[in-house]
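Quick note: the coordinates plus some simple rules give every number you see, no bench work behind them. A quick note: this is a predicted structure, and the numbers were derived from the prediction, not measured. Positions of Cβ are generated from backbone atoms using ideal geometry, with glycine treated the same way; all protein chains shown enter the neighbour counts.
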Amino acid sequence: MNLNYVEFNENRSFIGRIPYGEDLYEFLTTFVQDKSIKAGQISAIGAVTRAKVGFYDQHNHRYIEREFDKHLEIASLTGNISILDDKPLVHAHILVSDDEGGSYGGHLLKGTQVFLCEFIIKEFIPEKELVRSKDEITKLNIWEMDEA
Amino acid sequence: MNLNYVEFNENRSFIGRIPYGEDLYEFLTTFVQDKSIKAGQISAIGAVTRAKVGFYDQHNHRYIEREFDKHLEIASLTGNISILDDKPLVHAHILVSDDEGGSYGGHLLKGTQVFLCEFIIKEFIPEKELVRSKDEITKLNIWEMDEA
Amino acid sequence: MNLNYVEFNENRSFIGRIPYGEDLYEFLTTFVQDKSIKAGQISAIGAVTRAKVGFYDQHNHRYIEREFDKHLEIASLTGNISILDDKPLVHAHILVSDDEGGSYGGHLLKGTQVFLCEFIIKEFIPEKELVRSKDEITKLNIWEMDEA
C-alpha cells in the first residue's frame, strides 16, 4: 500500500462570516487568495438561498451539475486548500438540508448563494508544497506526492 | 467584497463522550460554559435515540422545527462557539442517518437525545472577542466584525 | 451532569490522498497503525466506487449493514482515533451523495472502495491514553474516562 502524504504544521487561523448574497465558492476562493493561503482546511455552517453541487462522473470524467433552487441550511462544508496553476484552489464538499430535513450533497460549485455562512479556515505549512496536477487514472487534478 | 473575519490562536483542546440519555445541545452548552470556552470549534459523531433540527425560514425569520422520533446515527456534527448575551453559545449543524442510510440535517436544537456521542472541542483565542448581535438583514444573531 | 473528557495537545499532522481502488476504512487503519497514531482526528472528502455503512441497532446491539453499489461523492467524513486491544482504531462516520445529490450516511465499514480521497489527520497527545472498552449500557466499545 502506498501512503501518499505530507506532514504539515499549522500557521494562521481565521474565523469569519460570509455576508448575504455572496457566492459561497467564489468568496472562499477570494479569501484564500487574498490571504495567500497555499495549503489549509476549511469548515463551515450556515444557510444558502440556492445551491449548486457537482457529482463526478467516474466513467466520462466530467462533473454532472445539480442545482437546488430553494432555501437550504449548510449542514456541513468540508474542504481543503492547495495550489493549482500557481494559485490557491479551494476544494470543498457540501451537504445542504431543506425545510423537511432532506439532505443533498456533492462537490461545491459556483452558483451557491449565501444567506449567511460562518467559516473556519486553518492555514497549513506543509513540508513540501501541495500542488495539483492532472492524474491519468481519474482525470482529476490530484496532489503530487511521492509514494512512500 | 468585504472579508469579515478575525484571526485566532488555539488554546485548550478536549476530547470526550456524552453519556446515554443526555440532551446533545444542552450537554455541549453546559460543557463550554463549565469550561468557560468563549470561542471555538466542535466536531462530533455518535448516535441518538431521537433528533430535533431547525430550518431557518429566510422569509419569515423563524426556525421551522423538525423532529425525527427514531434511532439515528450522528453522521456529522459541525459547530462553533462564540458569545451571546455574555455567555458562551453553541451553534451547531447536524446530519443524522437512519437504518437505511437516509440522511436528514439542519440546525441542532434541544430535543436531540444522545445514545452515545464522541466530541472534539478546540478553544480559540481570537484577536477580538467573538460576540453575536442582531443582524438587520437576516434577523439572526451574527458576529460583530469590522468590514475589512 | 458528568463531563467525561480528557484534554489533549496536538502533535504531528498529515495531509494525503488515497489512491484508486483502496478500501477506505482499511487504508485509514493501515495509515494510523503505520504512523503509530494513538489518538487523533480524521477528516476527508473525495469519491468512492461503492460504499458500505453501518447503522447501530440500539435494541439488539449490532450493526445493520447497508451497501450502496454505485459511484458516490464522499460529502463528509468525520472520525477519531483511539486505542482498542492495544492497537490504533479508526472510528469514522461518512456521508455519501449520488448523481442526483441524494445523501446516505452512517458508520464507515470495510467495503467502501476509493475512487479518490483527500484526508487530513491530526495526532493528539492526550493527558491520559484514550482506550476503548466494552460499555454495559450500549454494548459498544467506549472510552474509559473518569467522571468529573
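Only one residue of B:Val114, B:Ala75, B:Pro126 has its Cα farthest out toward the positive end of the dipole of the stretch B:1-135, where Lys and Arg carry +1 and Asp and Glu -1 on Cβ, and that residue is B:Pro126. According to the square roots a ≥ b ≥ c of the eigenvalues of the Cα gyration tensor, what is the shape class of chain A, taking rounded for a/c under 1.5, prolate for a/b larger than b/c otherwise, and oblate for the remainder? It is oblate, given that a/c is not under 1.5 and a/b is not larger than b/c. Under Stokes-Einstein, with the Kirkwood radius over Cα pairs as Rh, the value for the stretch A:1-48 at 25 °C and 0.890 mPa s is 187 µm²/s.
Label-to-label distances for C:Lys128 across copies, nearest first, come out at 4.1, 4.1 nm, using points 7 Å from Cα in the beta-carbon direction. Position A:Lys139: other-copy label points at 4.8, 4.8 nm, ordered by increasing distance, label point 7 Å along Cα→C-beta. For chain B, adding -39500 (n - 2.57) for each run of n ≥ 4 DSSP H residues and dividing by the number of residues yields -2000 deg cm²/dmol at 222 nm.
Gyration tensor analysis over the Cα atoms of the protein assembly as shown returns equivalent ellipsoid semi-axes of 27, 27, 23 Å (largest first, whole Å).
An oblate overall shape is assigned to the stretch C:1-88, the ratio a/c of its alpha-carbon gyration tensor axes (a ≥ b ≥ c) being 1.5 or greater and a/b not exceeding b/c. Sorted from closest to farthest, the other copies place their B:Arg62 label points 4.7, 4.7 nm away, with each point set 7 Å from Cα along Cα→Cβ.
Measure up A:Lys70/A:Lys110; B:Lys70/B:Lys122; A:Lys38/A:Lys122; A:Lys87/A:Lys134; B:Lys35/C:Lys139; A:Lys122/C:Lys38 against 20 Å on the Cα-Cα distance and list the ones that go over. Among A:Lys70/A:Lys110; B:Lys70/B:Lys122; A:Lys38/A:Lys122; A:Lys87/A:Lys134; B:Lys35/C:Lys139; A:Lys122/C:Lys38, the Cα-Cα distance tops 20 Å for B:Lys70/B:Lys122; B:Lys35/C:Lys139; A:Lys122/C:Lys38. Placing +1 on each Lys and Arg Cβ and -1 on each Asp and Glu Cβ, with no other charges, gives chain A a dipole about its Cα centre of roughly 220 debye.
About its Cα centre, the stretch B:5-62 has a charge dipole of approximately 100 debye under the convention of +1 per Lys or Arg Cβ and -1 per Asp or Glu Cβ, with nothing else charged.
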